Each structure stands twice: as C-alpha cells, then as structure tokens.
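The values are calculated or read from the model by the stated rules, or taken from the named source; none is laboratory data. Computed from a predicted structure; not experimentally measured. Glycine also receives a Cβ, built like all others from the backbone with ideal geometry; neighbour counts cover every protein chain displayed.
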Amino acid sequence: MTVNAKSSASAGNTWRDLPAAQQPEYPDAEALRDVIADLESYPPLVFAGECDQLRARLASVAKGEAFLLQGGDCAEAFDGVSADHIRNKLKTLLQMGAVLTYAASVPVVKVGRIAGQYSKPRSKGTETRDGVTLPTYRGDSVNGFDFNEKARIPDPERLKRMYNASASTLNLVRAFTTGGYADLRQVHAWNQDFVKSSPSGQRYEQLAREIDNALNFMRACGTDPEEFKTVEFYASHEALLLDYESALTRVDSRTGKLYDVSGHMVWIGERTRQLDGAHIEFASKIRNPIGIKLGPTTTAEDALQYIERLDPDREPGRLTFIVRMGADKVRDKLPELVEKVTASGATVAWVTDPMHGNTFEAASGHKTRRFDDVLDEVKGFFEVHKGLGTHPGGIHVELTGDDVTECVGGGDEIFVDDLHQRYETACDPRLNRSQSLDLAFLVAEMYRDQ
Ligand code: PEP
Ligand code: CO
C-alpha cells in the first residue's frame, strides 16, 4: 500500500478559497460533508505509482516518441456500467490502438475517458421545457437525467455512486486488459473482421494486410512476445467536482506528494480553466499528469501561464494541451500557441480533441457532429505541427463501442434523418464503433504522410 488512507486535509484543499466554476448547489450542506467524510475513508482507485508511469509514457508523447489515444464517453452513465458496454468500448479503443501503433511505428499510450467521467460542465444552469424550468443535468454524479424536479436536485449520495461505478468499471477494465482478452493477435482479428464485414472497412484492406504480414512474420520467426498478451491501459476523466476529487486526494507515502487517486490522469475543461480559479489551483497541487482543454479563445500568454502554474519544473509528461478549436479555426489559432510554447522551452504533449469545437444542432433538435468536420480538425492539427516541425501527439475523442447514431457521416454513412434511431448519449454525440475505426485508419494514413 503506497497511499495513506486519509486524504491530506490542507494541501489538497487550497482550492476552497478560490472561485470554483460549475459546482452543483447542494441543498443540504451537512449531507455533503458526510459524503465527503465517507469518500475520504475509501480505498484509492488507482495507485500513485501508476500515475507516475503514465506521466513517463506521456513524456514520450511530449518528446515525439509516442502517440496518445484518449477516448470514451462524453458522459458515462450509472446504467452504462455493464460488461457489454465496457467491453465494447475497450475493444474499440484497442482496435484503434493497434492500427495506430502499426502506422505510427511508435508506442500508442491508451487512456480511456472511463471509470470516473460522470460529471459535466454545462453552458446553462437551467433547462426549460414547455414552460417548466429546472436545474440542468450535470452528469450522473450530480443529478438525474429525467426532466422532473426530484431527479434534477443535486444529491451528494451520487458522489458515492460515482466512486462505486468507477471502481467496478476499473475492475473489469483491469481484468480485460491483463487477463488475455486483449492479446494483440485477438485485437488484430477484430480489425480484420471490421475490414471484411463493413463497407467502410474495405478501404483499409491494404493496411490490415500489412499488419497481418508483420504478425505472421514474427510468428514464423518463433517470437511470442509477452508484450502482445497484455495491454497497458489508463483511466482519465475531467476533474470537475472538486469536493469529490479532493476527497480522493491522498499523500503518497513513498514520496510525500499528493495524488488524486480517482483516476490516473485528470483534465481541466474549457469552462473551468480560469487561471485564478479553483480548478487550476487544485491541479497545481497533485502529481497526476494533467490535461487542459484549449478552446479557440486561448491566447499564447494563457498557455504560458498554464505551464508556469502547472509545470513549473518543465517536466515532460506533466502537462498535456488538449486542443479543441474547431475545424474552421485550428489552422489559424494553433500555430502561435505551439510556436510560443516551444520557444519557451517547455515540452508539453499536444493532443487534438476534434469533437468539442464541431458540435451543432440538427433540424431534428439532436446535438450532433459531422464526421468530416472531426476529420478536418485532425487534419488541420497535423498540418500545423508538420509546418512547425513539432509532434502531433495524439487524439482525444468521444466514442462508444456500440452502434449508436449520434454523429453524422462516416464510411457507413449516418444521415441527419437517422439520428433518432439510436441516440443514447447523456451529453455530447459520440462516434460509434465503425466511425471510430474509420477515424483510426484515416489518422493512421495521416500519420504515415507526416
Ligand atoms: C468534454 O470533454 O466532454 C467537454 C465538456 O469538453 P470541453 O471542456 O473541451 O468543452
Ligand atoms: Co463532451
């Protein structure tokens, strides 16, 4: 056991003196205090040493020696904690990872938006339907999705449900990734199946055949590497609810440093990245690798300030900039940021989130994204890095392993009129399994042209 059972009362709580955006308004402060006290006594979900290992992997990403694949739901849901959902998501991520590893010829660091991604920042505090106004849905960790007063009142007991849902998800993820299920040859067989059985997959026959040849060659040589049998997989989520995150922040007895043991990596979202705000303060106190979403209004000065606050020692792997500018802005806005950050001497990982700058509302009322816009933002991101001689470090995507109809386009095309068929997300629209694999093959092709 490397982590003390009690959270450090002081250092992990300095954020309490600062404005904290996007926090729920709990009607019963005492109930919240009781829940926090319980959470503080719960065992860690991850170990500090695992967070350090991920930081080392992300250091390779920052230095141009590895690629980050980060993906999963926009919002996990308590009723989505089932073997099928978790397996399908994992399977999709592993399939994407295999394709990218081959094409990029560098290790792919695999990180899920998983086992903790239950809290959502919202642009509006309330929602009105047919003249009735209620608090907005903020994720299963806060309130219920159903549109009625009882469901929408923030309930601190849900923080404990989030902990339990995260624990059981992580348990299955660990079993899948280390128990033989994720053997690379198995993952490749799933990809061959996708290539054979789906019209969009057929375009990637050549690449799949090359991977097959490489694996056959190794088999013929008599190699059977241990590395093929298990997968290193990490969990990440947005560190939004600071009561929860700080209750799970513990002192690591090896190093005396604080770690947020709710997940390996946490990120700060576009709506909570105020330099003088509570979220940045909280992140500055923990040793986990930290991501920050950078939207189109981010200035180079902001980026340099984030480095100053969160990565004062200029430690590669500590900070990942997750750029989500929109397909129409990334080519204009990103170069100055990358140039000035590089000139400052900092080594951060640059990752593209091609989802959040490309959301629009379809005529049907569904929040959606076009596959082509997603792809175009990734292309823009790669172009910028190619132009500057810097490393396009990875992709951060919202996806599910299920055959939902939430984003339009893709090889097995989904049309606006199809959106209603399986629109299941509790928040933002996700790429479905086939769109996710499509994206992986297309990014693989881009990486090879880089
Ligand atoms: C998200 O990742 O689901 C999200 C809300 O992103 P952003 O903070 O970039 O808007
Ligand atoms: Co989202």
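Of note:
- Within segment 54-85, considering residues that are free of Cβ contacts under 8 Å to residues at least 24 places away in the same chain and in a helix (DSSP H, G or I), the one nearest to the chain's Cα centre (by Cα): 80
- Under the condition of being among the β-branched types (Val, Ile, Thr) and away from ligand 1 (no atom under 16 Å from the Cβ), the residues counted in segment 355-386 number 1.
- Number of residues in segment 275-321 that are over 14 Å from residue 257 (Cβ atoms) and charged (D, E, K, R): the value is 9.
- Inter-residue pairs, beta-carbon under 6 Å, first within 17 Å of residue 122 (Cα to Cα) and in segment 139-163, second at pLDDT 95 or above and among the aromatic types (Phe, Trp, Tyr), 6+ apart: 139/118; 140/78; 140/118; 141/118; 145/137; 154/26
- Scanning segment 132-177 for residues that are among the charged types (D, E, K, R) and either assigned to a helix (DSSP H, G or I) or closer than 30 Å to residue 204 by Cβ (or both) yields 149, 150, 152, 157, 158, 160, 161, 174.
- In this entry, residue 323 passes the filter for residues that are within 16 Å of ligand 1 (Cβ to nearest atom), crowded, with 22+ Cβ neighbours inside 10 Å and within 16 Å of the chain's Cα centre (by Cα).
- Selected residue [out of contact with any helix residue (DSSP H, G or I) (no Cβ under 6 Å at 6 or more places or on another chain), crowded, with 23+ Cβ neighbours inside 10 Å and at pLDDT 95 or above] from 439, 419, 399: 439
- Output for segment 262-277, where each listed residue is within 16 Å of ligand 2 (Cβ to nearest atom) and assigned to a loop (DSSP other than H, G, I, E, B): 269, 270, 271, 272, 273
- Inter-residue pairs, beta-carbon under 8 Å, first free of Cβ contacts under 8 Å to residues at least 40 places away in the same chain and in segment 231-245, second part of a helix (DSSP H, G or I), 6+ apart: 245/282
- Cβ-Cβ under 7 Å pairs, at least 6 apart or on other chains, segment 105-119 side touching a residue at least 24 places away in the same chain (Cβ under 8 Å) and part of a loop (DSSP other than H, G, I, E, B), far side basic (Lys, Arg) and within 14 Å of ligand 2 (Cβ to nearest atom): 119/138
- Scan segment 326-375 for residues that are aromatic (Phe, Trp, Tyr) and either closer than 22 Å to residue 280 by Cβ or over 20 Å from the mean Cα position of the chain (by Cα) (or both) and the total you get is 2.
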